[in-house]
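Chemist: Sharing a structure here in structure tokens format.
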Amino acid sequence: MSRSILVLLAWICAIVTEAVDVLPPGLHKNITSPDGKCRFSVLVPAALAVGSGTPVLFVMPGYTGPREPAPWKPWADRRSCVVVALEDGLARTGSKDSNPYDHIPAVLNHFAASVKAVEAMLPLHPYFRIAVSDHSSSQMGASFAKAQGERLGGMLLTRPFSFQAPYTKEIPKHVGVFVLLGEHDAALQSMFDATRDRLRENGLMVRSALVIGGKGNAEVPQFGCETAADHLLDYVVVTHPTLSTKDKVKNQQSVLTRGVELIPLSDLAAHEQLTWLLSLPDFDKTLKPQVEPLANRWLDAGIALAKVKETEDLVQAHEDLSLVSKRPQARLVDAAHTKAITAELKRLRKDPKIKLEIVAADALADTVAMLDADFTIAKQKIALKQLEELVAKHPATHAGKVAAKLLEPLRRNLR
């Protein structure tokens, strides 16, 4: 072998060794880039993903500074995902100078420099990337998404606070969004709803969930964030616009393989997580043998949960099971499971209480459908009379209670 070839091989080995040795698995806090222009923290998983690069999750800083990446370690190891806690590069003086929203261009430049520095240290996937923002950084996260373009595939928003409409329009259309709220955050419910609705109006794929658990206000439990991040990462790897059809099918297979791990979970956990997984865009027809068992488990869990609920609230159990039967995931089960849920609904609907609920629900649906088609004053007067009759005849039904809430707004329109 010639000397020149040996030198070339040695040089290649040196580069590979350097790339591997720069950041070993573990938490690396307060790293300063080689050029000294930016600082960040990186959590490297136990094993990096093989193939085209490791996915990465960017944790956006808040008003008070960078967030701690350590809570993400179990998830990062499980999903072979790098976690980067970004800093905004601002001095924390307590004055207006430390408000990142007064320095968006400078902050975005700092983010971009940080991303570039991490890319030089680790083999990151160019597109399988997610940004995580909390209540004080959700709008900055939107600006980051706009700046990153197709290099970002998903956004996780926890407890979004005052997410103004202009920011929702900054997020590229291909980015999947998951919005989370903690069960103790009732005061933020209206903002949560507004954020979700604005994002959907802008044509984005948006999932939302209320996470049960946590110690109190200002917190969405970590397990809720991890479940949402799982779904977002699954969404990104099967929908990113840069992927070929062949790569999408290959990645769908990987996602479904991960789904098998969800089958042994409790009925509640399996139903919730499989709901998200099976809501991904259309699976290739060749994957039906992998999809069907997951859909069957999802349906079994839904039926089991309804039976538990039946012991305390028959009406709610019927509503829950009826909703399960109408979800798109129900179309993925085998024939035996389709018969099973049909039989279970038929059993519940033999109860006189449920029969009454169905009559009231049908009456409400007819009135709402009429208004959807024609909201003229004449039709509103007819609807008001129908709703008043429904409330008088079936006040204790779910539909009757909904109708009662619609009366006052309709009366105001007719004054």
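The values are calculated or read from the model by the stated rules, or taken from the named source; none is laboratory data. The structure displayed is predicted, hence computed values, not measured ones. Glycine gets a Cβ as well: all are built from the backbone with ideal geometry, and neighbour counts include every protein chain shown. Each accessible area value is taken on the protein alone, full model and side chains, heavy atoms only, with ligands, DNA and RNA left out. Shrake-Rupley method; radii C 1.70, N 1.55, O 1.52, S 1.80 Å.
Chemist: Give me the accessible area of Leu305, 1.4 Å probe, in Å² rounded to the nearest 10.
Modeler: Taking all protein chains as shown, Leu305 has close to 60 Å².
Chemist: Additional query: Give me the aspartates and glutamates in straight-line cross-link reach of Lys309: C-alpha distance below 19 Å, same-chain residues under 8 apart excluded.
Modeler: Asp267, Glu272, Asp300, Glu319, Asp320, Glu344, Asp351, Glu357
Chemist: Return the percentage of antiparallel bridges among DSSP beta bridges fully within the chain, rounded to the nearest 5 %.
Modeler: Details: 10 of 34 bridges.
Of those bridges, close to 30 percent are antiparallel.
Chemist: How large is the accessible surface of Lys37 in square angstrom, using a 1.4 angstrom probe and rounding to the nearest 10?
Modeler: The accessible area of Lys37 comes to roughly 150 Å².
Chemist: So how far, in whole Å, is the C-alpha centre of the range 188-266 from the one of the range 27-70?
Modeler: For the range 188-266 versus the range 27-70, the Cα centre distance is 21 Å.
Chemist: Between Ile104 and Lys401, what length comes free when the chain is fully extended (0.36 nm per residue of separation minus the Cα-Cα distance, one decimal in nm)? List each step's numbers first, then the result.
Modeler: Details: separation 297, 0.36 × 297 = 106.92 nm, distance 4.72 nm.
Computed gain between Ile104 and Lys401 is 102.2 nm.
Chemist: When N counts the residues of the range 264-415, how does its alpha-carbon radius of gyration compare numerically with 2.2 N^0.38 Å, as a ratio? Provide the component values of the computation, followed by the final result.
Modeler: On the way: Rg = 19.1 Å, N = 152, 2.2 N^0.38 = 14.8 Å.
Its radius of gyration relative to the 2.2 N^0.38 Å reference: 1.29.
Chemist: Ranked by accessible surface with a 1.4 Å probe, highest first, in what order do Met370, Met60 come?
Modeler: Final ranking, largest accessible area leading: Met370, Met60.
Chemist: Moving on. Under 8 Å for C-alpha pairs, at least 6 residues apart: give me the relative contact order for the range 294-360, rounded to a whole percent. Show your work: numbers first, answer last.
Modeler: Numbers: 43 pairs, mean separation 25.1, N = 67.
Relative contact order, the range 294-360: 37 percent.
Chemist: Here's something else I'd like to know. At 1.4 Å probe size, with no ligands or nucleic acids counted, give the accessible surface of Glu68 in Å², nearest ten.
Modeler: 80
Chemist: Applying a 10 Å radius around every beta-carbon, put 150-160, 392-402 in order of their mean neighbour count, most first. Each step should come with its number before you reach the end.
Modeler: On the way: 150-160: 24.8, 392-402: 16.0.
Per-residue mean Cβ counts within 10 Å order the peptides as 150-160, 392-402.
Chemist: Counting pairwise Cα distances across the range 31-91, what percent come out greater than 15 angstrom? Write down the numbers at each step before the final one.
Modeler: On the way: 957 of 1830 pairs.
Within the range 31-91, distances greater than 15 Å cover 52 percent of Cα pairs.
Chemist: Run the simple label-point estimate for Thr342 and Lys326 please: 7 Å along Cα→C-beta, distance reported in nm.
Modeler: Modelled inter-label distance: 1.9 nm.
Chemist: Continuing with the same structure: Could you work out the relative contact order of the chain? I mean the mean sequence separation of Cα pairs under 8 Å and 6+ apart, divided by the number of residues, in percent. It would help to have the intermediate numbers written out before the result.
Modeler: Details: 609 pairs, mean separation 34.2, N = 415.
Relative contact order of the chain: 8 percent.
Chemist: Extension gain Ile377-Ala335, at 0.36 nm per residue separation less the Cα-Cα distance, in nm? Spell out each step's value before the answer.
Modeler: On the way: separation 42, 0.36 × 42 = 15.12 nm, distance 4.71 nm.
This chain segment gains 10.4 nm when fully extended.
Chemist: Mean shadow of the range 359-415, computed from the convex hull of its alpha carbons, in nm²? Walk me through the intermediate numbers first.
Modeler: Values: hull surface 13.4 nm².
That works out to 3.4 nm².
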